[in-house]
Amino acid sequence: MELRHLRYFVSVAEELHFRKAAEKLHIVQPALSKQISALEKELGVQLLERDRRHVTLTEAGRVFLEEALEVLAQADGAVARARAVSRGEVGRLNIGFIQPALADLLPRSLQAFRQHYPGVLLTLSEATSRMAVERISSRNMHFAFTRLPIDARPDLSTEVLSEEPVLLVVPRDHRLVERGSVRLPDLAGEDVILIDRKVEPELHDYYVALCNDAGFSPHVAHEVNSTSVAIGLAAGGLGVAFAPSSARLAAQHGVAYLPIEGEAPRLTMGALWHSGPRPTVLDNFLRLRPWEAAPPPAVRTRAVPVVSRGV
């Protein structure tokens, strides 16, 4: 028995007329009658009562019709789902991100992508730049918003998306707050909170190099696994920390964000994905470039001072 036999039977059962059913199926009536007879012979039951004027369903035919409709619906659904997957309209997209992407880039990109592909399940996971490289290389992640540059590799593709200045985060009662900005040499002798090199080696080395270029080696008081933790320790008076300017968007009491004088250091946000064969759902994401979608309209609020006050 083939699906076409079920379709032939369903058409006759719905029309209760062989000629009309044959026309609907675009086949000749004798061929349709022959196929129905062959189906009944294969099943070993009579599905239809017919004479020259009337066609009616037997009891077995009524039961078989219900089952045939269900089978055809499942088959049609399987075909539709397979085609949707091949077009990247359904499926799963695994996206990694570093914390600063939460400020705007990640939610804006996801919102734009979902408007075009609402059937795709988005799986999100926070990951350091090193973790993102490893997971994408092993194909356990499709795409990541991460820090650039990374060491060039033939299996990875990258694209620069944005840059932002580095700020110094200090306790709100720190001596530098009154100045409103800071020179890097002013940090000589300060307790510095840095990202652990085992977590983000490039970022750690970048901050250390900033201090070295300013003529001193930083006194590293604490090493942490994220910028948000570094800011939290600074709020507790345990040192000063470097942070991207987007960190100001996350409320944190007890700290001030000071611009760095001169040619301010900058951090680069980028996109990372595997350069080999890609699933269609990732091709759609890259082709759409949702990170270029316009940001939502700004909401007017009162000006907020740079120094966060405790409550």
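The values are calculated or read from the model by the stated rules, or taken from the named source; none is laboratory data. Please read these numbers as outputs of a predicted model, since none were measured by experiment. Ideal geometry is used to build each Cβ from the backbone, glycine not excepted, and the neighbour counts take in all protein chains shown.
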TODO: Among residues belonging to region 82-101 that are surrounded by 18 or more Cβ atoms within 10 Å (Cβ to Cβ) and modelled with pLDDT of 90 or more, point out the one that is farthest from Gln252 (Cα to Cα).
DONE: Leu93
TODO: Identify the single condition in (1) outside the structural domain of Ile98 (by TED's automatic domain parsing); (2) touching a Leu at 6+ places or on another chain (Cβ under 9 Å); (3) at pLDDT 95 or above that Phe145 does not satisfy, given that it satisfies every other one.
DONE: (1)
TODO: Could you grab the pairs with beta carbons closer than 9 Å, sequence gap of 6+ or different chains, first residue in region 53-64 and outside the structural domain of Ala21 (by TED's automatic domain parsing), second one surrounded by fewer than 14 Cβ atoms within 10 Å (Cβ to Cβ) and modelled with pLDDT of 90 or more?
DONE: none
TODO: Scan region 210-255 for residues that are among the β-branched types (Val, Ile, Thr) and in contact (Cβ under 8 Å) with a residue 24 or more places away in the chain and jot them down.
DONE: Val220, Val224, Thr227, Ile231, Val240, Val255
Open item on the list: Within region 102-186, considering only strands (runs of 3 or more DSSP E) that don't extend past its boundaries, which have at least 1 residues that are under 13 Å from the mean Cα position of the chain (by Cα) and either in contact (Cβ under 8 Å) with a residue 60 or more places away in the chain or surrounded by 13 or more Cβ atoms within 10 Å (Cβ to Cβ) (or both)?
Closed with: 120-126, 143-148
TODO: Take Leu65 and decide whether it is in a helix (DSSP H, G or I), in contact with a strand residue (DSSP E or B) (Cβ under 7 Å, 6 or more places away or on another chain) and not small (Gly, Ala, Ser).
DONE: yes
TODO: From Leu32, Leu48, Leu65, Leu16, grab the single residue that is among the aliphatic types (A, V, I, L, M), surrounded by 11 or more Cβ atoms within 10 Å (Cβ to Cβ) and out of contact with any helix residue (DSSP H, G or I) (no Cβ under 9 Å at 6 or more places or on another chain).
DONE: Leu16
TODO: Provide a single number: the residues in region 213-234 that are buried (at least 19 other Cβ atoms within 10 Å of the Cβ) and of a type in the set (A, V, I, L, M).
DONE: 4
Open item on the list: Residues that are out of contact with any helix residue (DSSP H, G or I) (no Cβ under 9 Å at 6 or more places or on another chain), under 21 Å from Leu121 (Cα atoms) and not assigned by TED's automatic domain parsing to the domain that holds Arg147: does region 68-78 have at least one?
Closed with: yes
Task: Flag for Ala247 being part of a loop (DSSP other than H, G, I, E, B), on the phi < 0 side of the Ramachandran plot and modelled with pLDDT under 95 - done: no
TODO: Would you mention how many residues in region 17-44 are within 14 Å of Met1 (Cα to Cα) and part of a loop (DSSP other than H, G, I, E, B)?
DONE: 1
Task: Breaking point among (1) modelled with pLDDT under 90; (2) part of a helix (DSSP H, G or I), for Arg53 - done: (2)
Task: Flag if Val79 is under 30 Å from Pro279 (Cβ atoms) and under 52 Å from the mean Cα position of the chain (by Cα) - done: yes
- [ ] Check Leu203, Leu194 and return the single one that is part of a helix (DSSP H, G or I) and in the same structural domain as Gly254 (by TED's automatic domain parsing).
- [x] Leu203
